[in-house]
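Quick note: the coordinates plus some simple rules give every number you see, no bench work behind them. The structure displayed is predicted, hence computed values, not measured ones. As a convention, Cβ positions derive from the backbone with ideal geometry for all residues, glycine included, and neighbour counts pool all protein chains shown.
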Amino acid sequence: MKFPPDVEFHDDIRLLVYRPHGFLNEQSVNKIVSIIEDLEAKLQQPFNRFFDTLGHDEVELNFRYVIEISLHRVISYLDRPPVKSAILATDNTIIHYCQLHAIITEDSTIKVRIFQRRQDAAQWLGVPVQRLAAKSPTGEDQCEKQFEAKDETST
């Protein structure tokens, strides 16, 4: 399956990674929901999800839409194996919408948690934090660069 540049699928660890930029709006949410549903249909096996919302610079959503899409996901994933959706968010507006999504999916097999630190999300998902880090334009792992910078300042 071919993915847009902001989406990766790591088959070896069964993880979909989405790192969007720009607006968080109905169009961007519909895009990733469509990708998830296509992948679910194709793979027929569960996979976890990681959404890095740090690249969003503006939010254009409303509670009604978040409720509708969350209920849609609960119904469309009914009677399927459990999956984890980790959301990396620091923007209060995004966090509130994600909390609503987490509440609506609470009794389903889609387990949603919001994190403010990438390493906490990686730990919950049971994957190496480097797999969640964005690549720079040169292809370098941004997470590794952050760890190296911390090491240099602490010595």
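Screening the chain for DSSP H helices whose Cα atoms reach 24 Å or more along their own axis and whose mean Kyte hydropathy is at least -1.0 gives 26-43.
A straight chain from Tyr65 to Asn30 at 0.36 nm per residue would run longer than the Cα-Cα distance by 11.5 nm. Taken along its principal axes, the alpha carbon cloud of region 1-100 reaches lengths of 33, 28, 20 Å, longest axis first. Using R0 = 35 Å, the C-beta based FRET efficiency linking Asp91 and Asp11 works out to 0.70.
Counting only DSSP H runs of at least 4 residues, each contributing -39500 (n - 2.57), and dividing by the residue count of the chain, the helix-based mean residue ellipticity at 222 nm comes to -14000 deg cm²/dmol. Note on the chain: with charges restricted to the Cβ of Lys and Arg (+1) and Asp and Glu (-1), its dipole about the Cα centre is near 340 debye. Of all the options Ile13, Ile95, Ile114, the one that moves most in a Gaussian network model of the chain with Cα springs shorter than 10 angstrom is Ile13.
Summing +1 for each Lys or Arg and -1 for each Asp or Glu among the other residues whose beta-carbon sits under 10 angstrom from that of Phe50 gives +3.
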